[in-house]
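Single-structure report; data block below.
The values are calculated or read from the model by the stated rules, or taken from the named source; none is laboratory data. No experiment lies behind these values; they were computed from the predicted model shown. Don't worry about glycine lacking a Cβ; one is built from the backbone with ideal geometry, like all the others, and counts go over all protein chains shown.
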């Protein structure tokens, strides 16, 4: 029986260093894609103002709000642009401000998540600790999301901590956005941002969280292949549920210094080397993620 290759054999140091190399051009492409997409969504609704365009736009916009959050995540790791100052500026002002997310607060919490993943000290454990759950429990959670209960609660919580000193970038973004949209004769289109944030963003985040850690083989283990999951997403899932390569989460936890735009290549290298062999950390699409998040219907569970 052949011995399983080590991680350094699967990915030699020279290859790892290449994948860790940051590219300002690749980072700028990701940033521009997200914002051009946002502008295109609003443009379509302004040009074709009707309930169908508004609804489809809000769904797509929820995916882009997650996309901005993922760019904040990448900048929090200082792994997007070459310059740390550029990472901080882009992450805090161009990506975090629109969704009322402070890069600096997020960085403190998220780095603890990486440090303590697989332990009771993981600050993100609360989001996935009860999975797998019953179908009835998952249905209740998703209904709270799509009905706006989760989003309204989270929005009120954010706004309750509003201070002009800290949140002026968020205020400027929304005031300038409303003025611009109103000047184009479609002030109601501005409400699409809030519809996306309240009714769409929460369910997308929930599904993403389940895929990342909710269906992990053993969340009490320190190894990323045990406490984290990767989802092989289709093009439309990448558009809506897994923007900016966030679905390659095992790879990210194993090599957090690798920029997200290199994660697809990293995944291929690891897969070809047998890194994932004998581990149940890969899901083929988010339909499989949701199936694996379920306990048998007949079993009682306290999670709601």
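Checked against (1) on the phi > 0 side of the Ramachandran plot; (2) assigned to a helix (DSSP H, G or I), residue 78 meets all criteria but (2).
List, please: which pairs have Cβ atoms under 6 Å, are six or more places apart or on different chains, and start with a residue in the stretch 151-163 that is touching a residue at least 40 places away in the same chain (Cβ under 8 Å) and end with one that is assigned to a loop (DSSP other than H, G, I, E, B)? Once the first residue is touching a residue at least 40 places away in the same chain (Cβ under 8 Å) and sits in the stretch 151-163, its partners that are assigned to a loop (DSSP other than H, G, I, E, B) give 158/100.
Take the conditions free of Cβ contacts under 8 Å to residues at least 40 places away in the same chain, over 16 Å from the mean Cα position of the chain (by Cα) and in a helix (DSSP H, G or I) and apply them to residue 93. Does it pass? Judged against the criteria, residue 93 is not a match. For residue 26, the conditions (1) assigned to a helix (DSSP H, G or I); (2) touching a helix residue (DSSP H, G or I) at 6+ places or on another chain (Cβ under 6 Å); (3) touching a residue at least 12 places away in the same chain (Cβ under 8 Å); (4) surrounded by 17 or more Cβ atoms within 10 Å (Cβ to Cβ) are fulfilled apart from (4). On inspection, residue 176 qualifies as at pLDDT 95 or above and either assigned to a helix (DSSP H, G or I) or more than 18 Å from the chain's Cα centre (by Cα) (or both).
Among the residues of the stretch 210-243, those that are part of a loop (DSSP other than H, G, I, E, B) and over 18 Å from residue 267 (Cβ atoms) comprise 218, 219, 220, 221, 222. For the stretch 135-157, a residue qualifies if it is part of a loop (DSSP other than H, G, I, E, B) and in contact with a helix residue (DSSP H, G or I) (Cβ under 6 Å, 6 or more places away or on another chain), and exactly one does: 148.
Within the stretch 250-259, is even one residue under 17 Å from residue 20 (Cβ atoms), at pLDDT 95 or above, touching a strand residue (DSSP E or B) at 6+ places or on another chain (Cβ under 9 Å) and in a loop (DSSP other than H, G, I, E, B)? Checking the stretch 250-259: not a single residue is under 17 Å from residue 20 (Cβ atoms), at pLDDT 95 or above, touching a strand residue (DSSP E or B) at 6+ places or on another chain (Cβ under 9 Å) and in a loop (DSSP other than H, G, I, E, B).
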